[in-house]
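Inspection log for the structure reproduced underneath, given as structure tokens.
The values are calculated or read from the model by the stated rules, or taken from the named source; none is laboratory data. Bear in mind the structure is a predicted one, so any value in this text is a computation, not a measurement. Every residue, glycine among them, receives a Cβ derived from its backbone with ideal geometry; neighbour counts consider all protein chains shown. When the accessible area is computed, the model is the full protein with side chains, heavy atoms only, and any ligands, DNA or RNA have been set aside. Shrake-Rupley method; radii C 1.70, N 1.55, O 1.52, S 1.80 Å.
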Amino acid sequence: MKSDILILGSGPAGYTAAIYTSRAGLSTSLVSGLMPGGQLTMTVEVENFPGFPHGIDGLTLMENMKQQALRFGTIIINGYVTSVDFKRRPFSAEVDGMRYEADAVIIATGASAIWLGLSSEKKLIGKGVSACATCDGFFFKEKDVVVVGGGDTALEEALFLTKFAKKVTIVHRRDALRATKILQDRAMANPKIEFAWKKTILDILDVDAGKVTAVKLKDVESDEITELKCDGVFIAIGHKPNTELFKGQIELDEKGYIITKKSSMETNVPGVFAAGDVQDSSYKQAVTAAGTGCMAAIDAKKYLEGKTIKL
Ligand code: NAP
């Protein structure tokens, strides 16, 4: 199947790009990926997306974007891209064994949660270890849980978990949080939230029991090792760009983010554009993802019209 534009990813960047390209009359196919709707579908309430004065839940926001793209004729392919070829034209991508071709591609594959990298963590995923409070918080009614990290995600996860858990301990490796002040204030004021400052997680117990019973903490200054009893551990230490597929095809920076030009969303391959968290290591907001999705769509349209993008 061939279209003018192939969009990879179904977060705010992908859907915004699709709304713009399909509304501009370009045939547009969008591959949803492993997590249709992207990371926002794991957020209970999005309070800072403009236009929603009382907030909106992430799932609804993404479903609205999807419906808006469908309204203008975007074809949604429910599947996962296993390989791409940006060396030949038309460009192509393989999705679950099917080949899709396009004259321009917009990559909006986003980013995924980073894990601590402990072997116990890996063994206990789904058995008390999680990277998504929205998905798994419900299982921790009246339990004690730990959240690791000091950014917006960690604090949002912790605040959400207080709806279910008896106690939430935020384990952070420093004595200052990276999260925005409003979230810090809410977390500090919440009686169910405690902080374990300047601590890292050495191990998660108990692999043999097949469930989480405690975390082994190390104090970064004194090296003292302590155990904190808990029933669940939520990892919220940041995200990495989903760019494995594109290695060797387009230029990536040292952290794996796609490099786009200074004044457009084009990559080093003419006709291949990138938008959203996959090319953004600093802002990472739903609204900036949507904004760059719009920019990539306009750039892709200009490219297809044979116009030179101003450098
Ligand atoms: P982040 O801002 O990169 O924060 C990651 C946190 O994890 C930091 O506190 C970091 O500690 C800690 N950390 C990193 N690696 C660690 C390790 N190996 N062991 C222990 N701790 C570790 O990531 P994020 O919170 O996922 O946020 C990502 C972006 O999304 C940010 O731009 C954020 O503003 C945005 N976001 C916004 C909202 C919202 O506006 N509602 C919600 C969620 C996320 P250090 O502080 O010591 O580096």
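For the chain, the relative contact order works out to 21 percent when only alpha carbon pairs closer than 8 Å and six or more residues apart are counted.
For ASP219 and LYS122, the difference between the fully extended length at 0.36 nm per residue and the C-alpha to C-alpha distance is 32.6 nm. Distances between placed amide hydrogens fall under 5 Å for ALA111 paired with ASN242, all partners being 5 or more residues away or on another chain. The residue among ALA17, PHE52, ILE107 whose Cα reaches farthest toward the positive pole of the charge dipole of the chain, with charges on the beta-carbon of Lys, Arg, Asp and Glu, is ALA17.
Only helices reaching 18 angstrom along their own axis (Cα) with mean Kyte-Doolittle hydropathy no lower than -1.0 count here, and for the DSSP H runs of the chain these are 58-71, 286-304. Listed by chain and number, the aspartates and glutamates placed with their C-alpha closer than 20 angstrom to that of LYS163 are GLU45, GLU47, ASP57, ASP136, GLU142, ASP144, ASP152, ASP185, GLU194, ASP231; residues fewer than eight positions away on the same chain are left out. For the chain, with all protein chains in place and a probe radius of 1.4 Å, 52% of the accessible heavy-atom surface sits on carbon or sulfur.
Of the options ALA154, CYS135, VAL207, report the single residue whose Cα projects farthest towards the positive end of the charge dipole of the range 115-235 (beta-carbon charges: Lys, Arg +1; Asp, Glu -1). It is CYS135.
In this structure, the residue pairs whose Cα-Cα separation is over 32 Å, taken from LYS2/LYS123; LYS123/LYS255; LYS127/LYS261; LYS123/LYS167; LYS141/LYS255; LYS122/LYS192, are LYS2/LYS123; LYS127/LYS261; LYS141/LYS255.
Less than 5 angstrom separates the built amide H of PHE273 from those of VAL105, ILE106, ILE107, THR267, all sequence-distant by 5 or more or on a different chain.
Note on ASN48 and LYS141: the extension gain reaches 30.7 nm, defined as 0.36 nm multiplied by sequence separation minus the Cα-Cα distance. Once both labels are positioned 7 Å from their Cα atoms along Cα-to-Cβ, the gap between ARG99 and THR226 label points is 6.1 nm. Counting only DSSP beta bridges with both residues in the chain, the antiparallel share comes to about 45 percent. Past 26 Å, Cα to Cα, is the threshold; run LYS181/LYS229; LYS198/LYS240; LYS87/LYS284 against it and keep the listed order. Beyond 26 Å between Cα atoms: LYS181/LYS229; LYS87/LYS284. Shown is the FRET efficiency for LEU59 and ALA209, computed with R0 = 51 Å from the Cβ-Cβ distance and rounded to the nearest 0.05: 0.90.
Computed over protein heavy atoms with a 1.4 Å probe, the accessible surface of the chain works out to 50 Å² per residue. When only the Cβ of Lys, Arg, Asp and Glu is charged (+1, +1, -1, -1), the dipole of the chain relative to its Cα centre reaches about 520 debye.
Spin-label model, THR180/ARG89: points 7 Å from Cα along the beta carbon direction are separated by 4.2 nm.
Applied to the range 279-285, the Karplus parametrisation 6.51 cos²θ - 1.76 cosθ + 1.60 on θ = phi - 60° returns per-residue 3J(HN,Hα) values of 10, 10, 9, 10, 8, 6, 9 Hz, with x for Gly and Pro.
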